[in-house]
1. Residue by residue through the stretch 219-235, note down the ones that are in contact with a Lys or Arg (Cβ under 9 Å, 6 or more places away or on another chain) and either among the hydrophobic types (A, V, I, L, M, F, W, C) or open to solvent by less than 10 Å² (accessible area, probe 1.4 Å) (or both).
2. For the stretch 411-421, name all the residues that are modelled with pLDDT of 95 or more, open to solvent by 50 Å² or more (accessible area, probe 1.4 Å) and either part of a loop (DSSP other than H, G, I, E, B) or closer than 18 Å to W346 by Cα (or both).
3. Within the stretch 316-326, which residues are open to solvent by 10 Å² or more (accessible area, probe 1.4 Å) and part of a loop (DSSP other than H, G, I, E, B)?
4. Output the number of residues of the stretch 363-379 satisfying the condition of being touching a residue at least 24 places away in the same chain (Cβ under 8 Å) and exposed (fewer than 15 other Cβ atoms within 10 Å of the Cβ).
5. Counting only residues that are assigned to a strand (DSSP E or B) and either modelled with pLDDT of 95 or more or of a type in the set (A, V, I, L, M, F, W, C) (or both), how many does the stretch 157-173 have?
6. If I filter the stretch 254-268 for residues that are in contact with a His (Cβ under 9 Å, 6 or more places away or on another chain), surrounded by fewer than 24 Cβ atoms within 10 Å (Cβ to Cβ), assigned to a helix (DSSP H, G or I) and at pLDDT 95 or above, do I get at least one hit?
7. Which residues, counting only those in the stretch 174-215, are part of a strand (DSSP E or B) and open to solvent by 50 Å² or more (accessible area, probe 1.4 Å)?
8. Scanning the stretch 62-102 for residues that are in contact with a Pro (Cβ under 8 Å, 6 or more places away or on another chain) and at pLDDT 80 or above, which turns out farthest from A146 (Cα to Cα)?
Amino acid sequence: MKIKFIILVLIFISCGGVETSIEEVSTSVSTIKETTTQESLATENENIELDCSIPENASKTQCGGTGGSGSSTSDDGYRLEIPTNKEREGLPSCNGVQFTTFPVDMDEVYRITPLGNLNPPGHTFPTDHTYIHIDENKSKVLNLYAPADVYLTLVRKSKGGSVGEGEVDYSINFSLCKDVIGYYNHVKTISETIQTIVDSKQCEAFGSSEECTTVISLDRISEGTLLGTVGHSQGNFDFGLFDLSKPLSFIKPERHVERTRYIQCPYDYYPSDMRNVFYNLFSRDDGSCNTNMHDVRETLKGAWFHTSAPDEIVVDWKTHLGFFADVDFSNIQNISIGGIVRDSGWFSFTPKSSGTINRNFLDTVPGTTYCYEPETIVSSRPAFSGKIVVKFVEDQILHIDHQSGTCSGSEELEGYEIYKR
């Protein structure tokens with residue numbers, strides 16, 4: 001086995017925000033509840049992306065990652081998602097390359113949740129992927145197709161747990177070209193073509209015997225090839241994409257897993273006429289694909305980490321804290337808490353352009369104390385009691401506490417937790 005001291009953290013979250021410690025995540029599988037503009041989609045299974053925690057004597061390339069500047073993995077390093085330099089030499093150039101086949105029959109899709117959905121603790125930070133919703137009643141089964149000529153990088157399999165007794169859940173990752181890697185999560189069955197490829201490789205178990213990841217040697221799959229099926233009791237599946245030529249402007253990119261640093265909207269890699277089909281289904285009110293990256297220097301906006309978190313690749317949800325734009329409403333903002341400050345949760349509010357109560361994150365300045373309290377935006381949004389008091393100490397340090405009551409504008413901190421960028 002080519003694993004060299006790799007620690008793979010396969011994270012799952014539970015409906016209602018039940019918290020799972022980092023020591024327990026390697027064997028936990030559970031269910032989340034997605035919230036949307038119109039309704040709550042109860043008990044949708046959500047497998048969180050593969051993250052890597054690196055021991056001191058191991059290389060980051062063993063997690064399939066790239067350097068912060070976009071350099072690829074070493075030629076001989078163990079990888080999961082991102083091809084090594086040697087592998088990338090054999091992939092086509094990305095100039096003019098696009099997806100040209102829909103992943104499923106789009107007449108059967110009724111909504112797409114764009115990038116940036118929240119659901120702490122597992123999604124305390126905005127999601128790296130979109131959700132394609134195909135059936136509110138969770139009974140349809142649709143064929144899933146290769147969106148272009150692509151090259152498989154991995155197939156991940158989970159079984160049992162709250163995925164459903166005896167049910168199997170797959171993720172399929174594929175390279176479009178040297179820099180662009182797409183992925184589907186919550187594939188419920190895989191085709192004979194994919195199964196044959198998987199059977200020819202060794203499955204790497206990174207947790208329970210019911211979970212494994214098969215690293216694929218860039219086997220070529222022709223456009224339109226049947227990959228498997230989606231839907232079933234899930235009702236949706238994930239479509240995500242990262243582009244190594246387009247690093248995002250995180251203030252501290254090294255604190256995020258490699259994939260997160262390069263996330264793009266997968267539908268932007270289709271021709272305009274096909275792209276419009278997807279965009280017309282977005283749940284977001286401004287029709288945009290949104291983003292997973294919200295950091296803005298010298299403001300509260302964006303991702304923060306508890307001082308107990310490591311300096312690089314922070315995968316412990318409990319240490320996450322964020323001040324983010326909403327996934328569905330362009331005029332709404334959210335505070336998202338993984339833990340520590342209080343139990344995991346998040347709340348929404350309409351930002352104000354003056355004062356210190358529910359102040360727009362973009363207007364916040366260091367040296368000021370702000371108070372935030374929830375508003376009822378839609379009935380499906382989770383409840384959150386009390387208020388959050390934040391002292392924005394300096395550009396990359398804040399003090400924060402959860403207190404009872406409502407905001408008065410004269411809040412002070414007594415006990416508090418410290419977070420940094």
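The values are calculated or read from the model by the stated rules, or taken from the named source; none is laboratory data. All values derive from a computational prediction rather than experimental measurement. Cβ sites come from the backbone with ideal geometry, for glycine too, and all protein chains shown count toward neighbours. Please note that ligands, DNA and RNA were not included when accessible areas were found on the heavy atoms of the full protein model with its side chains. Shrake-Rupley method; radii C 1.70, N 1.55, O 1.52, S 1.80 Å.
1. Scanning the stretch 219-235 gives G228, V230, G231, Q234, G235.
2. Answer for the stretch 411-421, where residues must be modelled with pLDDT of 95 or more, open to solvent by 50 Å² or more (accessible area, probe 1.4 Å) and either part of a loop (DSSP other than H, G, I, E, B) or closer than 18 Å to W346 by Cα (or both): Y416, E417.
3. D316
4. The first filter runs over the stretch 363-379 and keeps only residues touching a residue at least 24 places away in the same chain (Cβ under 8 Å), leaving 363-375, 377-378.
Checking the rest, the ones that are also exposed (fewer than 15 other Cβ atoms within 10 Å of the Cβ) come to 365, 367-368, 375.
Total meeting the criteria: 4.
5. The first filter runs over the stretch 157-173 and keeps only residues assigned to a strand (DSSP E or B), leaving 157-159, 168-173.
Now restrict to residues that are either modelled with pLDDT of 95 or more or of a type in the set (A, V, I, L, M, F, W, C) (or both): 168, 170-173.
Result for the stretch 157-173: 5.
6. Scanning the stretch 254-268 turns up no residue that is in contact with a His (Cβ under 9 Å, 6 or more places away or on another chain), surrounded by fewer than 24 Cβ atoms within 10 Å (Cβ to Cβ), assigned to a helix (DSSP H, G or I) and at pLDDT 95 or above.
7. Of the stretch 174-215, the ones part of a strand (DSSP E or B) are 174-175, 180-187, 189-190, 203-204, 211-215.
Residues satisfying the conditions are T189, C203.
8. Step one: filter the stretch 62-102 for residues in contact with a Pro (Cβ under 8 Å, 6 or more places away or on another chain), giving 68-70, 72-73, 91, 98-102.
Now drop any that are not at pLDDT 80 or above, which leaves 91, 98-102.
Working: L91: 17, Q98: 12, F99: 9, T100: 9, T101: 7, F102: 8 Å.
Result: L91.
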